[in-house]
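In what follows, a structure is listed as structure tokens, so that the remarks can point back to it.
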Amino acid sequence: MIIRTISGDIAPEKLGRTNYHEHAFQISPLLSGDELDSAEKSSREFSRLAKSGFDSYVDATPIGLGRRPQQILDLSKISGLQIVHATGVHKEAHYSHTHPVTSLSVADLIELFSYELLTGVLKNDSSMEISAANTSEIKAGFIKFGISNEPLSPFEKRALEAAATVSGQTGVAIMIHTDAASEIFTVLDSLESFGANLNRVVVAHIDRRPDPKFHATIASRGVFLGYDGAGRSQYFPDEILVELFSNMVELGFASQILLGADVARSSRYIEYGGGPGLEYLGNSFLPKLRIRTSEEIVHKVLTTNPANWLAFNP
Ligand SMILES: [Zn+2]
């Protein structure tokens with residue numbers, strides 16, 4: 001079993017303390033004016049993340065949203081962080097109607113996701129051309145797809161099927177972007193029907209609906225719960241999220257929680273002139289979790305859980 005980072009494969013026990021969801025670079029029509037597009041500023045921001053107590057992070061920017069495979073290698077060297085990078089796609093609303101990825105078939109998407117995992121991430125993913133000249137040095141280490149609160153669009157259904165198929169074949173991890181996760185049980189059933197093992201899957205942003213009973217029902221399917229609302233006070237204050245974490249630990253689901261902050265916007269990155277920045281999770285939120293639960297539990301959630309989620313046998 002290995003974890004596939006952008007700098008090569010590592011043994012799962014080398015992953016260390018891991019933030020399961022951030023973005024070094026991101027450009028989307030949905031986040032106009034909030035672009036993450038400066039290699040210098042992003043490198044400095046991720047150096048802050050490293051200093052706040054992390055060895056690794058998972059980069060969740062998928063195909064077509066401003067990935068920079070060459071520059072993220074530099075960012076890894078400057079910050080000292082190990083990085084596991086996404087292939088896959090976001091929910092349909094993040095793409096212009098003319099983006100070529102949204103018209104790919106299931107077979108095309110399977111080919112593309114597999115190529116980025118096994119050969120390399122495309123350099124220019126607005127052209128979507130699969131060729132040696134358009135292939136970067138970095139390989140992806142997991143597959144992302146996105147759903148909103150609406151029933152899935154035809155494109156989102158194809159992305160789900162492709163992600164489930166490739167994960168079923170390789171054992172690679174899956175991340176599902178959700179909004180309020182209203183369709184989540186249908187989605188989990190579909191993933192299984194296409195061959196995915198649900199213990200390879202994290203349901204991201206699920207703490208936007210901080211209901212322990214709902215979370216216990218989801219977690220009982222075997223998936224990881226992605227908690228990433230810390231410092232995003234437009235959803236819930238930290239106190240509610242600390243309480244949710246503590247409740248889920250008491251219910252016996254500590255080994256199925258992943259922690260990140262998905263800060264994701266330039267207006268929230270210190271080095272782009274905003275806040276609270278990538279250091280908020282480690283410096284402000286995790287101390288609250290340690291007081292409410294224990295140092296030991298928080299450490300396990302930051303190290304063992306992400307390694308279990310990401311490790312596979314390519
Ligand atoms: Zn994100």
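The values are calculated or read from the model by the stated rules, or taken from the named source; none is laboratory data. Here the structure is a predicted model, which is why all the values come from computation and not from measurement. Positions of Cβ are backbone-derived with ideal geometry, glycine not excepted, and every protein chain shown enters the neighbour counts.
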Determine the pairs where a residue that is more than 12 Å from S96 (Cβ to Cβ) and in a loop (DSSP other than H, G, I, E, B), located within region 21-35, has a partner that is within 11 Å of the ligand (Cβ to nearest atom) and hydroxyl-bearing (S, T, Y) with Cβ atoms under 8 Å apart, the partner being 6 or more residues away or on another chain.
H23/T61; A24/T61; F25/T61
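Does I291 meet the test of being surrounded by fewer than 17 Cβ atoms within 10 Å (Cβ to Cβ) and of a type in the set (A, V, I, L, M)?
Against the criterion (surrounded by fewer than 17 Cβ atoms within 10 Å (Cβ to Cβ) and of a type in the set (A, V, I, L, M)), I291 qualifies.
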Restricting to region 216-248, give me the number of residues that are within 16 Å of the ligand (Cβ to nearest atom) and either free of Cβ contacts under 8 Å to residues at least 40 places away in the same chain or over 30 Å from S43 (Cβ atoms) (or both).
6
Looking only at region 156-197, count how many residues are surrounded by fewer than 19 Cβ atoms within 10 Å (Cβ to Cβ) and in a helix (DSSP H, G or I).
10
Does H99 qualify as being in contact with a Gly (Cβ under 6 Å, 6 or more places away or on another chain) and either of a type in the set (A, V, I, L, M) or over 21 Å from R200 (Cα atoms) (or both)?
yes
Scope region 133-155; condition of a type in the set (G, A, S) and in a helix (DSSP H, G or I); matching residues
A133
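Can you find even one residue in region 278-287 that is at pLDDT 95 or above and under 17 Å from the mean Cα position of the chain (by Cα)?
Within region 278-287, one or more residues are at pLDDT 95 or above and under 17 Å from the mean Cα position of the chain (by Cα).
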If you go through V166, V172, V202, the only one that is hydrophobic (A, V, I, L, M, F, W, C), within 23 Å of H85 (Cβ to Cβ) and within 16 Å of the ligand (Cβ to nearest atom) is V202
Flagged in region 1-20 as assigned to a loop (DSSP other than H, G, I, E, B) and either surrounded by 16 or more Cβ atoms within 10 Å (Cβ to Cβ) or touching a residue at least 40 places away in the same chain (Cβ under 8 Å) (or both), in numbering order, are M1, I6, S7, L15, G16, R17
Every residue from region 213-271 that is closer than 18 Å to S284 by Cβ, in contact with a helix residue (DSSP H, G or I) (Cβ under 7 Å, 6 or more places away or on another chain), surrounded by fewer than 19 Cβ atoms within 10 Å (Cβ to Cβ) and of a type in the set (S, T, Y):
Y235, S246
Just need a number here: residues in region 200-227 that are part of a helix (DSSP H, G or I) and either in contact with a strand residue (DSSP E or B) (Cβ under 8 Å, 6 or more places away or on another chain) or at pLDDT below 95 (or both).
7
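Quickly run through region 43-64 and pick out the residues that are among the aliphatic types (A, V, I, L, M) and assigned to a loop (DSSP other than H, G, I, E, B).
First, pick out the residues of region 43-64 that are among the aliphatic types (A, V, I, L, M): 49-50, 58, 60, 63.
Passing the criteria: A60, I63.
Which ones in region 114-154 are among the acidic types (D, E) and modelled with pLDDT of 95 or more?
Pass one, region 114-154, residues among the acidic types (D, E): 116, 125, 129, 137, 150.
Those that are among the acidic types (D, E) and modelled with pLDDT of 95 or more: E116, E137.
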If I filter region 28-56 down to residues being farther than 16 Å from I270 by Cβ and within 13 Å of the ligand (Cβ to nearest atom), which single residue comes out as surrounded by the most Cβ atoms within 10 Å (Cβ to Cβ)?
S28
Considering only residues that are farther than 20 Å from S148 by Cβ and touching a residue at least 60 places away in the same chain (Cβ under 8 Å), which ones fall in region 70-120?
Q70, I72, L73, S76, Q82, I83, V84, H85, L117, L118
Looking for whichever is at pLDDT 95 or above and within 16 Å of the ligand (Cβ to nearest atom) here; the options are L259, L251. Which one fits?
L259
